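The values are calculated or read from the model by the stated rules, or taken from the named source; none is laboratory data. These figures come from a predicted structure and were not determined experimentally. Cβ placement follows ideal geometry from the backbone for every residue including glycine, while neighbour counts extend to all protein chains displayed.
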């Protein structure tokens, strides 16, 4: 018998208990989803599926459009993850989604926890990769896998390590004061435009580690890492121009921190495509790439068509859901 449950943000303990026995990322956690809710205000849940021994979870956020509801995974690398294969799940999930009144869903899958039995391949699209470092190797093996420039930057790590600073209050202040200018300077996606409340909450968490560098008693860079027992995540790096050269050293600090906690992999994130400068920078750390898939699912086709028609949207375009395409909305308005 299939059991579907939506655990709301108000039920923190139940949410945390549901993810405990399943391999998951920081993005699946209550903490991350609450942090994202502080920016979006979307009603957010942990979806849980149970059938016999099978357990599958996925965080989802509900969004409103013209009186209809669609769903999306909150910012980060989450998606469906579970404890075993379940070929019947895609059918049961879509039935549940339709019965819940959802028009469509955009569900990003963390490739480190991907199980292809949880979705139909026709629903999956991938335009880039996420890059990971295998932390179960020795530190020497990891160092040798770096490209020559990264090895050169990190070889004197011990000399720099003693000067790193970990004052969370000061690092948080620096992060908040410089985050938005950093977004503008590097033309980051608007999806990264988090509220101050989100930034402050993330910086307050026990499963978040912050490390930075300073010069003349002034902080010039900070790196923020988050983790679960199953994955370490490079979450934010903000730096003044003179602090950018410290990025590899701070990343190596986070890597060593994760290894000390026996976390098996480190998620470096990815670029907008596999050939951009960001993706290449990840590869220089000897990271391996896995396709970053997103599921574009329509649960109520007639409602979807109506919404696209109202928005003047091209249903055959790449943007999903098409009726949320900013270009269509601007044209329509």
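Brief remarks follow.
- Test: residue 112 is in a helix (DSSP H, G or I) and surrounded by fewer than 20 Cβ atoms within 10 Å (Cβ to Cβ): yes
- Hits in region 127-146 - residues which are surrounded by fewer than 14 Cβ atoms within 10 Å (Cβ to Cβ) and either out of contact with any strand residue (DSSP E or B) (no Cβ under 9 Å at 6 or more places or on another chain) or not in a helix (DSSP H, G or I) (or both): 127, 136, 138, 139, 140, 144
- Flag for residue 81 being surrounded by 19 or more Cβ atoms within 10 Å (Cβ to Cβ), within 30 Å of residue 259 (Cα to Cα) and not assigned by TED's automatic domain parsing to the domain that holds residue 267: yes
- Qualifying residue in region 35-47 (condition: outside any strand (DSSP E or B), closer than 18 Å to residue 114 by Cβ and modelled with pLDDT of 95 or more): no
- Given (1) more than 22 Å from the chain's Cα centre (by Cα); (2) loosely packed, with under 14 Cβ neighbours inside 10 Å; (3) not in a loop (DSSP other than H, G, I, E, B), index of the condition residue 160 fails: (2)
- Enumeration of residues in region 10-22 that are buried (at least 18 other Cβ atoms within 10 Å of the Cβ) and either free of Cβ contacts under 8 Å to residues at least 24 places away in the same chain or touching a helix residue (DSSP H, G or I) at 6+ places or on another chain (Cβ under 7 Å) (or both): 15, 19
- Matching option when the condition is without any contact (Cβ under 8 Å) to a residue 24 or more places away in the chain and either in contact with a helix residue (DSSP H, G or I) (Cβ under 9 Å, 6 or more places away or on another chain) or over 16 Å from residue 130 (Cα atoms) (or both), among 202, 196, 224: 196
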